[in-house]
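First the structure, in the form of structure tokens, and then the observations on it.
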Amino acid sequence: MGKSREIHVTDNPTKRAILEFLSDHGMSYFGEIIKNLSLSYSKGIKNILEMKKEGLIDNSINPPKYNLVQKD
């Protein structure tokens, strides 16, 4: 995945920050995401789960890491 991938623009600054973090760092642990973005657990998990449901990110189960969804 390259940075040339078009990222869905969102009005939510937290979601936008998560998308930018994943674009810059690639697949990351949930803890890395919230630590680097200074998010609380509850705010981080709420936004991550919404973004998964929206199809913006996906995750591996074991270990639990999150990544941007690849679209053609």
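Miscellaneous remarks
- Qualifying residues in the stretch 34-47 (those that are at pLDDT 95 or above and among the aliphatic types (A, V, I, L, M)) - the one nearest to GLU20 (Cα to Cα): LEU37
- Among the residues making up the stretch 9-38, those that are hydrophobic (A, V, I, L, M, F, W, C) and out of contact with any helix residue (DSSP H, G or I) (no Cβ under 7 Å at 6 or more places or on another chain) are VAL9, ALA17, LEU19, LEU22, MET27.
- Count of the stretch 55-70 residues which are closer than 18 Å to ARG16 by Cα, surrounded by fewer than 16 Cβ atoms within 10 Å (Cβ to Cβ), modelled with pLDDT under 90 and not polar (S, T, N, Q): 1
The values are calculated or read from the model by the stated rules, or taken from the named source; none is laboratory data. Source: prediction; values computed, not measured. Using ideal geometry, Cβ is built from the backbone for each residue, glycine included, and neighbour counts are taken over all protein chains shown.
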